[in-house]
1. For region 125-165, name all the residues that are crowded, with 23+ Cβ neighbours inside 10 Å and over 21 Å from Ala67 (Cβ atoms).
2. Among (1) surrounded by fewer than 17 Cβ atoms within 10 Å (Cβ to Cβ); (2) out of contact with any Phe, Trp or Tyr (no Cβ under 9 Å at 6 or more places or on another chain); (3) at pLDDT 80 or above, which single condition is Leu180 missing?
3. Output the residue which, of all residues in region 364-415 that are assigned to a helix (DSSP H, G or I) and of a type in the set (D, E, K, R), is farthest from Thr350 (Cα to Cα).
4. Taking helices (runs of 4 or more DSSP H) that do not extend beyond region 263-363, which have at least 2 residues that are farther than 18 Å from Lys379 by Cβ, aromatic (Phe, Trp, Tyr) and in contact (Cβ under 8 Å) with a residue 40 or more places away in the chain?
5. With assigned by TED's automatic domain parsing to the domain that holds Ile291 and more than 18 Å from Phe32 (Cβ to Cβ) as the only criterion, which of Ile178, Ile171, Ile152 stands out?
6. So which pairs qualify, if the first residue must be in region 88-108 and touching a residue at least 60 places away in the same chain (Cβ under 8 Å) and surrounded by fewer than 19 Cβ atoms within 10 Å (Cβ to Cβ), the second must be among the acidic types (Asp, Glu) and part of a helix (DSSP H, G or I), the Cβ gap must be under 7 Å, and the two must be at least 6 apart or on different chains?
7. Looking at Leu168, Leu186, Leu207 in this structure, which one is in a helix (DSSP H, G or I) and over 27 Å from the mean Cα position of the chain (by Cα)?
8. Can you name every residue in region 275-296 that is surrounded by fewer than 21 Cβ atoms within 10 Å (Cβ to Cβ), hydrophobic (A, V, I, L, M, F, W, C) and closer than 19 Å to Ser418 by Cβ?
Amino acid sequence: MKRQKDVISKMFFSASIAMMFTVLVGTAAQFFDGVITSRFLGNDAYSAIALFGPLNGIFLMLAAFIASGNQIICAGYIGEGKKDTANNVFSFCILAGLVTAALLILLCVVIPDPMLAFCGVTKGGNPVIYENMRSFLHGYLFGIPALIAVQIIGPIVILDNGKKVFSLSAIVMCGTDIALDLLNALVLHGGTFGMGIATSVSLTIQLLMLVTFLLRKEGRSHFTLKAFRPKEIAELAKAGSPTLVQSLAVSLRDVTINRLNLFFAVSTAAIVARGIQYDFNMVLFCISDGIANTMVSMSGIYHSASDRVGLRRVFKYGINLSARFAAVTFAAVFLLSPQIAGFYTSDEETLSFSIFAICCMALSQLADIPICIYINYLKGIRKHRIVILLNILDRFVLPVASAVALAFLFGSKGLLASIALGKLLLSGTILLILCLKNKQFPRSVEQFMLLPENFGGGSSANLYGSVNSIEDVMRESQQIQEFCLKQGTDKKSAMRMMLFMEEMAGNIVEHSNPDTQKASGAEYRLFVNDNRICLTLRDYNKAFDPIAWHQANSDRALDEGTGIRVVMALAEDIRYFNAFNSNNLVLWLDAAKGSYSHTKEKALTGKN
């Protein structure tokens with residue numbers, strides 16, 4: 001089973017690093033926005049951009065609602081081999097995102113004051129901060145369509161093997177944003193309006209790079225609304241609802257904590273420290289966000305295939321990876337907190353508050369990263385009610401309750417420390433929910449996964465293995481035939497499944513990557529349920545779609561690709577998809593429908 005672990009870990013780790021790096025680079029742009037604003041435009045300008053967070057959270061909330069629904073539904077369709085249906089959903093989500101962006105821009109232009117008041121800032125209460133925030137909003141408006149579109153397109157680009165392009169687009173976006181920020185602060189002196197324009201331009205450039213990738217000739221994702229079914233809107237809304245609730249809770253939390261911060265702050269330094277804590281927390285969030293995005297897609301794919309063992313491997317690897325990142329992150333940020341705060345300010349009072357705020361945030365990461373990955377696993381397997389409950393607790397109830405309690409007891413420092421207390425309380429809440437669900441303290445991985453007892457047919461209905469050589473192929477093919485017979489299938493169907501394994505796995509091994517750094521063989525899963533038999537083959541080699549090859553070469557001589565022709569003719573259903581740089585082939589056979597004639601099989605194989 002070592003090869004199986006290698007394939008999943010390679011897929012998960014490489015996709016997580018790409019997502020993590022991309023989110024990190026993208027968030028670094030926001031981080032440097034804060035540093036440059038604080039250094040060159042002053043505390044009032046920085047406070048305005050920091051307090052703008054709740055409104056920006058609304059923009060991201062709507063983007064995440066559409067993007068999350070799109071990611072979950074598309075991953076499910078891809079796992080079922082329905083690439084065209086996935087494309088239809090993706091295209092609809094892009095259109096919905098652009099319409100949403102247009103409505104948001106209209107609201108910000110027509111009624112800007114209520115929008116800013118949502119952040120806790122009014123013209124009468126904080127005139128200087130108000131003017132800076134309004135100027136920033138005017139510059140930021142132009143980037144809202146790109147902000148939303150990038151959220152929707154990004155995960156699809158990753159699924160379409162565009163990790164490098166996605167990462168490069170984020171690097172270009174970040175570099176452009178920093179360069180334009182410095183140009184604005186040091187040369188053009190455009191104030192917070194110029195900072196908003198810089199963000200808008202950089203986001204638009206990133207969007208153009210991603211769209212160019214999708215429009216390439218060999219791309220599998222493309223814009224089309226030909227076969228979109230209106231009923232899928234309900235599916236998208238249901239799948240995206242946990243993220244919508246999460247984002248709404250975050251916005252309400254930020255509004256409430258903004259007001260608490262303004263009320264309890266002993267000076268502007270405390271407001272700045274909270275802004276720095278928020279900014280750097282967003283930088284660190286890229287770690288959990290990168291792994292979480294991968295977890296949603298991969299758990300969705302394995303869940304749609306009813307692959308219990310594969311899903312358990314994804315879950316264990318994702319949680320272990322998140323725990324390691326959490327420990328390293330805590331240690332690094334805690335030790336480097338003085339240097340991090342020093343990037344923002346040299347003022348002694350602000351520096352003292354900021355170091356304390358960053359240390360509290362570092363402590364919260366020990367729980368936050370694994371919890372985020374766990375919630376996104378539940379999202380991938382469509383446990384919507386539990387996810388919604390946890391999101392409300394995580395993003396609003398617990399942090400606000402902690403902030404109120406600690407702020408009344410300890411003032412500004414108590415509010416800054418509440419970020420750690422909220423995560424500690426959430427950890428205890430999740431443990432309590434698991435105890436109630438399992439009616440005991442969870443003692444195994446399975447009890448954390450919350451899968452139905454009969455999910456995937458149980459161990460007796462599944463056979464797993466891996467192949468790395470022709471000898472492996474022959475041995476495992478024989479094992480598949482024997483397994484089918486033990487499950488009560490007829491000899492003809494068992495023979496056919498053995499043939500499928502010989503032909504398709506043999507092709508994978510024979511034409512595997514010469515690059516020894518990649519897994520050259522394949523893993524398989526055979527699932528037998530009544531008369532329904534399914535063989536899944538997965539490898540990490542160069543993309544190859546046998547269905548497309550068969551369609552393109554159907555009129556060639558029989559001796560070319562005979563094995564593929566046989567499989568196409570004898571399988572009841574066959575589907576292929578490529579995701580996270582892995583080939584996935586799913587073959588179905590219904591033994592109850594009877595067998596193809598021996599004459600037809602002889603004609604196809606050329607054997608006597």
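The values are calculated or read from the model by the stated rules, or taken from the named source; none is laboratory data. It should be emphasised that the depicted structure is a prediction, and the values quoted were computed from it without experimental measurement. Because the Cβ atoms are built from the backbone with ideal geometry, glycine has one as well, and the counts that use them run over all protein chains shown.
1. Ile129, Asn132, Met133, Phe136
2. (1)
3. For region 364-415, the residue satisfying everything is Arg385.
4. Counting at least 2 such residues, we get 268-304, 337-344.
5. Result: Ile152 is the single residue among Ile178, Ile171, Ile152 that is assigned by TED's automatic domain parsing to the domain that holds Ile291 and more than 18 Å from Phe32 (Cβ to Cβ).
6. Here the result reads none, with nothing in region 88-108 linked to a residue that is among the acidic types (Asp, Glu) and part of a helix (DSSP H, G or I).
7. From the options Leu168, Leu186, Leu207, the qualifying one is Leu186.
8. Of everything in region 275-296, those that are surrounded by fewer than 21 Cβ atoms within 10 Å (Cβ to Cβ), hydrophobic (A, V, I, L, M, F, W, C) and closer than 19 Å to Ser418 by Cβ turn out to be Met282, Phe285.
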